[in-house]
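One structure is given here, and the rest of the page talks about it.
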Amino acid sequence: MLLVVSVLISVIFVLYGLNTFYLTVRSRRYKQVRLLPISARPTVAIHLPIYNEFYVVGRLLASCARVAERYGSDLVRIYVLDDSTDDTGPEVDRLVSEYVSRGIRMSVIRRSSRAGFKAGALQAALAETGEKYVAVFDADFVPPEDFLERTVPVLESDPTIGFVQARWGHLDRDHSFITKTIAIGIDAHFLLEQKGRNGNGYLMNFNGSAGVLRASAIADAGGWAPDTLAEDLDLSYRLQLRGYRGVYLNDVEVPGELPPTITGLKRQQGRWARGSLQTAKKLVPSVNSSKRLSLRQKMEAMIHLTYYLVHPLMVASFLLAVGADFLSVDVINYAINFSVPLFSGAGPLTLSFTLVPWLIFSVLVVVSTVAVLLYCIEAIRVQKLGLMKNVRQILLLVIIGYGISISNSVQALGGIFSRQTGSFSRTPKYAIERTGGTWSGKKYQLPFNRAAGLEAGAVALSVAALVYAWVTSNYGIMPILVVYLAGYSCVLYLTVVQTLASSGSRDA
């Protein structure tokens, strides 16, 4: 039974892995949108959801003010949606006052509570917005001055376009080995997955920042909803189910700040995991019943919405491997023999088969891993970053992917089984750019959580299983256990070292 379940899990892995490879190949069909001149520039609102962003709010407002001045100060209004509970609030007031005195139309919207979190803040701002389009930027992004000039004409060219999404760049790619590694994963999503989806007519997602939406389309789709932690994915899918299209602009790059710590990465990924599966639970029935979508579009949407299921499956695969080890299942020599009776004119014949389930399991795991590796390699190749210079980062990305499977699984299972939306825990930002800046000693540091305890338990279990496998000469199971031990040990080590290294105040 352990073998059968393991093979079934591996088949699911392969489906997600092959789809990654499929989108990588199909991304070459993407064609950049041609900008057409517009006779008159429409009005645009810039919504900036803020919650305790003391270190980056000044950089954000300065960049958005430049965008407004370039596009037309009389055509742009900047709304700072400030839910802060620390000294970010006074800093926002001071900065807004300065920009207003310079002729920038900028105002602050504050709510009495964080009800609905980011979605609640965006919906509250929408109620006060009269502009035709809404641009959204998270606090750590720095839009280029010509951002609106390169995005708004796309929306103006076709009333069925509900939103445009720009490509995320990185302010701090070269800050550390962690940011260099995370950058590859983000690049792969935008340079391959988003291009593959948009270039082939599949449903794509608004990424929550560095995009522009049609205000009337947001209202038509039901507005920003607070019932998931992935309000961006939820709204973009509802827009497309209503008949609007999303457009991805690969040549418009908006740099943002990558999480410089493993704890920040786990928090970000965990929120995305929980929110994505909440959205899947909410919208899969509508996707399946939609008459607008083809079967291929529906299949791609299902894989897209449920992608974070791979993390609970990874943990299940680890536990199955440990179980097989302690039950002394010899993964090298274990085989299932069966025969099928055949009949011919010369009399009865028997055709015999030998099935080695663990061999199938291993092959499927290898296929899935190779697909993901090609995904990362292609993202590097497209940008001409040099494969040999990034070999360590690719391998580390795979190891971290295994390592964060526990923290992501905690959130993913919460998204599937909990009736509570959960708390929108933001990813801390520290105004780090390139090789300058630091996160240590600053506010907003994250403490240990239960996921770290589970990771420590997984490391101990991995070591015990490996020792037992060695003692019992069950060598076939050892490569699987080594991979998980490497992942969980790496993530646990970084979590402990970086958490202890920080002497700043903590903020959830």
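Descriptive notes on the structure:
- Surrounding net charge for HIS170, when Lys and Arg each add one and Asp and Glu each subtract one, Cβ distance under 15 Å: -2
- Available extension along the chain between LEU18 and LEU395 is 133.8 nm, counting 0.36 nm per residue and deducting the alpha carbon span.
- Packing-based ranking of 231-243, 5-17, 284-296 yields 231-243, 5-17, 284-296, ordered from highest to lowest mean Cβ neighbour count within 10 Å.
- The calculated P(r) of segment 44-260, using every Cα pair and 5 Å bins from 0, goes 1, 7, 15, 19, 21, 18, 12, 5, 1, 0 in percent.
- FRET efficiency, ALA219 to LYS291 (Cβ-Cβ, R0 25 Å, nearest 0.05): 0.65
- SER407 sits among other residues whose Cβ lies under 14 Å from its own Cβ, and their net charge, with Lys and Arg +1 and Asp and Glu -1, is +4.
- The angle between the Cα long axis of helix 262-289 and the main principal axis of the chain comes to about 90°, on a 0 to 90 degree scale.
- Per-residue ellipticity at 222 nm, computed for the chain from helices alone with -39500 (n - 2.57) per DSSP H run of at least four residues, works out to -17000 deg cm²/dmol.
- Assigned charges on the beta-carbon of Lys, Arg, Asp, Glu; the chain dipole about Cα centre (debye): 820
- Among TYR237, ALA217, TYR248 the positive-end extreme of the charge dipole of segment 202-274 (Cβ point charges): TYR237
- Against the compact-protein benchmark of 2.2 N^0.38 Å, the Cα-based radius of gyration of segment 364-487 scales to 1.36.
- Restraint check, LYS118/LYS429; LYS31/LYS384; LYS118/LYS291; LYS180/LYS282; LYS31/LYS132; LYS132/LYS429, Cα-Cα greater than 25 Å: LYS118/LYS291; LYS180/LYS282; LYS31/LYS132; LYS132/LYS429
- Proximal lysines to LYS281, defined as alpha-carbon separation beneath 16 angstrom and excluding residues fewer than eight positions away on the same chain: LYS298
- For the chain, the longest principal axis of the C-alpha atoms and the axis of helix 478-501 are separated by about 30°.
- Amide N of segment 96-123 lying under 20 Å from the label point, which is placed 7 angstrom from the Cα of SER418 along Cα→Cβ: 114-121
- For the pair LEU8 and PHE177, label points projected 7 Å from Cα toward Cβ lie 4.0 nm apart.
- Dipole magnitude of segment 44-260 about its Cα centre (Cβ charges: Lys, Arg +1; Asp, Glu -1), debye to nearest 20: 440
- Only Lys, Arg, Asp and Glu carry charge here, each on its Cβ (+1 for the first two, -1 for the last two); on that basis segment 266-326 has a dipole of about 460 debye about its Cα centre.
- Relative to the longest principal axis of the Cα atoms of the chain, helix 2-26 runs at roughly 40 degrees.
- Cα pair distances of the chain binned at 10 Å [whole percent]: 4, 17, 28, 25, 14, 6, 3, 1, 0, 0
- Förster radius 41 Å - calculated FRET efficiency between ALA460 and VAL363 (Cβ-Cβ, nearest 0.05): 0.85
Each value in this text was obtained by applying a stated rule to the coordinates, not by laboratory testing. Bear in mind the structure is a predicted one, so any value in this text is a computation, not a measurement. Here the Cβ is made from the backbone with ideal geometry for all residues, glycine too, and neighbour counts use every protein chain on show.
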